[in-house]
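Undergrad: Here it is, the structure in full.
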Amino acid sequence: MAKDFYQAVEDRRSIYVISDEKVVPEERVQEVVEFAIKHTPYSFNATSGRIVLLFGDEHKALWDLTKEELRKIVPAENFADTDNKIESFKSGYGTVLFFEDQDVVKGLQEQFALYKENFPIWSEQASGILQYVVWTALENEGLGATLQHYNPLIDEEVKQRWQTPDSWLLRAQMPFGKPEAEAGEKEFQPIAERIKVFK
Ligand SMILES: Cc1cc2nc3c(=O)[nH]c(=O)nc-3n(C[C@H](O)[C@H](O)[C@H](O)COP(=O)(O)O)c2cc1C
């Protein structure tokens with residue numbers, strides 16, 4: 001049964017230890033990702049968010065190609081840590097790739113010149129909202145996920161392998177799987193320092 005909204009917000013955490021045991025069917029993951037992209041708001045309702053959803057061997061291929069790109073830039077003596085990290089993402093059973101379609105952003109800039117400078121910013125903000133909705137939805141389904149940023153290092157390889165249009169700009173990667181360890185301790189900066197209320 002779905003959690004209450006506030007509980008889901010509180011329970012969404014970065015879960016780094018994940019496995020590929022299918023606790024949620026792929027069809028259900030696809031359904032919640034589709035729900036998230038449908039209902040996430042965009043400025044002017046111009047939906048520039050794009051997603052590539054990878055499962056199984058396709059998901060593994062992403063982390064293999066990421067590792068190979070990293071191998072080109074990480075000194076060999078430090079590569080073991082990188083290798084472990086990438087293997088931990090690969091241990092899950094899927095990854096959500098988040099893109100923003102730059103053709104949509106450019107179209108808005110042409111159509112509404114007054115807000116020209118805002119559209120790239122709003123596109124990023126809306127992508128963040130989409131990422132958050134997907135992340136929380138995956139958590140709500142009993143999965144563990146993290147948010148990763150190997151773009152732009154992997155952009156070209158991703159484009160070639162999954163044939164994404166040139167206008168799709170990769171913004172984030174979210175590997176997910178069955179949670180195999182609790183999230184780490186998290187410190188909370190006092191709320192009173194972060195919010196002002198006037199009444
Ligand atoms: C915009 C943004 C970018 C982030 N980038 C990364 C990242 O590249 N790699 C990573 O492991 N975690 C990344 N995180 C996760 C944060 O480190 C994490 O959310 C934060 O420490 C709070 O922990 P929690 O997710 O468990 O609540 C990012 C989070 C946000 C919101």
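The values are calculated or read from the model by the stated rules, or taken from the named source; none is laboratory data. All of these numbers come straight from a predicted model, not from anything done at the bench. So basically every Cβ, Gly included, is an ideal-geometry build from the backbone, and we count neighbours across all protein chains shown. These area figures cover heavy atoms from the full protein model, side chains too; ligands, DNA and RNA do not enter into them. Shrake-Rupley method; radii C 1.70, N 1.55, O 1.52, S 1.80 Å.
Undergrad: Can you send over the carbon and sulfur percentage of the accessible area for segment 25-179, probe radius 1.4 Å, protein chains only? Numbers along the way, then the final one.
TA: Working: 3950 of 7690 Å².
That share works out to 51 percent.
Undergrad: How much mean residue ellipticity at 222 nm does the chain get from its helices, if each DSSP H run of length 4 or more adds -39500 (n - 2.57) and you divide by all residues, to the nearest 500 deg cm²/dmol?
TA: -14500 deg cm²/dmol
Undergrad: If you don't mind, another one. How high is the relative contact order of segment 25-179, given as a whole-number percent (alpha carbon pairs under 8 Å, six or more residues apart)?
TA: 33 percent.
Undergrad: First select every other residue whose beta carbon is under 10 angstrom from the beta carbon of ARG50; then total the charges, Lys and Arg +1, Asp and Glu -1.
TA: Surrounding charge for ARG50 is -1.
Undergrad: I would also like to ask the following. Calculated FRET efficiency, ASP103 and ASP57, Cβ-Cβ r, R0 25 Å, to nearest 0.05?
TA: 0.25
Undergrad: Would you give the gap between the C-alpha center of segment 8-75 and the C-alpha center of segment 86-140, rounded to a whole Å?
TA: 12 Å
Undergrad: Using DSSP loop states and a limit of at most 11 other Cβ atoms within 10 Å to flag GluC sites (Glu not before Pro), what is the longest stretch of the chain containing no flagged site?
TA: 22-116
Undergrad: Could you pull out the pairs from LYS3/LYS159; LYS38/LYS90; LYS159/LYS186; LYS106/LYS159; LYS22/LYS186 whose alpha carbons sit more than 30 Å apart here?
TA: Beyond 30 Å between Cα atoms: LYS3/LYS159; LYS159/LYS186.
Undergrad: Using 0.36 nm per residue of separation minus the Cα-Cα distance, give me the extension gain between ASN151 and GLU68 in nm, one decimal.
TA: Between ASN151 and GLU68, full extension yields an extra 28.5 nm.
Undergrad: If you don't mind, another one. For segment 75-115, what is the charge dipole size about the Cα centre, in debye to the nearest 20, if Lys and Arg each add +1 at the Cβ and Asp and Glu each add -1 at the Cβ?
TA: So the dipole magnitude of segment 75-115 works out to roughly 100 debye.
Undergrad: Testing the spin-label approximation: label points 7 Å from Cα along Cα→Cβ at ALA2 and LYS38. State their distance in nm.
TA: That separation, rounded to one decimal, is 1.1 nm.
Undergrad: Let me ask something else. Grab the beta carbon distance between GLN125 and GLU77, set R0 = 30 Å, and tell me the FRET efficiency rounded to 0.05.
TA: 0.15
Undergrad: Could you do me a favour and compute the accessible area per residue for the chain, 1.4 Å probe, result in Å²?
TA: 60 Å²
Undergrad: Once a ≥ b ≥ c are taken as the square roots of the eigenvalues of the Cα gyration tensor of segment 1-122, is the result rounded (a/c under 1.5), prolate (a/b larger than b/c) or oblate (a/b not larger than b/c)?
TA: oblate
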